[in-house]
Amino acid sequence: MKIKHASILVARIALFIIYFWFGILKVIGQSPASDMVHHLLSMTMPFIPFGLFIVLFGLFEMLIGILFIVPGFERWAIIFFFLHMITTTLPLFLMSEVWSHMLVPTLEGQYIVKNLALLSCVLTIWASLPEKLWPNMPNLIKTQ
């Protein structure tokens with residue numbers, strides 16, 4: 001197996017593990033991020049009950065993980081990934097609790113910043129997809 005193919009496979013498996021694992025922790029009420037999610041929800045959408053939201057959000061994360069490992073569903077996984085990134089990055093801008101000092105994130109802030117590594121995995125997968133799936137893909141990430 002070529003290193004390119006191996007790296008894409010490892011990226012897909014890593015995304016599955018992270019998304020499915022973190023999602024199921026939310027579904028079963030064991031996520032260490034629950035307090036932060038609850039606070040952000042109360043700031044942005046206080047009309048949604050937290051118990052319902054956290055379970056649906058966990059199921060959404062689990063779905064993203066599954067879509068990354070099922071061949072042919074990468075496009076949906078990538079779309080859902082970017083929607084997820086928008087929501088999970090919000091605390092960096094809306095919640096001062098994720099910063100100890102200027103440019104010094106708390107553990108929760110670091111948890112969010114690590115999403116840059118996930119973004120790298122997703123861009124690697126995206127670039128490996130046949131062009132017919134993404135006819136208007138920016139030239140920046142098209143395969144050669």
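Here are the numbers for this structure:
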| quantity | calculated |
| --- | --- |
| For a label point 7 Å along the Cα-to-beta-carbon line of L103, residues of segment 112-126 with backbone N under 20 Å | 112-117 |
| Angle between the chain longest axis and helix 115-128 axis [Cα atoms, degrees, rounded to 10] | 20 |
| Amide H contacts of W99 (H built 1.01 Å from N, under 5 Å, at least 5 apart or other chain) | T106 |
| The chain: angle of helix 50-69 to the longest principal axis, Cα-based, in degrees nearest 10 | 10 |
| Approximate spin-label separation V27-T124, in nm, with each point projected 7 Å along Cα-to-Cβ | 2.6 |
| Nearest 10 degrees, 0 to 90: helix 74-94 Cα axis against the chain principal axis | 30 |
| Extension gain from L56 to L9, taking 0.36 nm per residue of separation minus the Cα-Cα distance | 14.2 nm |
| Positive-end residue, the chain charge dipole about Cα centroid, Cβ charges, pick of P71, L15, T89 | P71 |
| 14 Å tail of the calculated P(r), segment 47-95, as % of Cα pairs | 60 |
| Surface/4 estimate of mean projected area, convex hull on alpha-carbon atoms of the chain, nm² | 10.0 |
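FYI, it's all coordinate maths here, none of it is from the lab. Keep in mind that what you see is a predicted model, and the values were worked out from it rather than measured. Note that we place each Cβ from the backbone using ideal geometry, even for glycine, and neighbour counts take in every protein chain shown.
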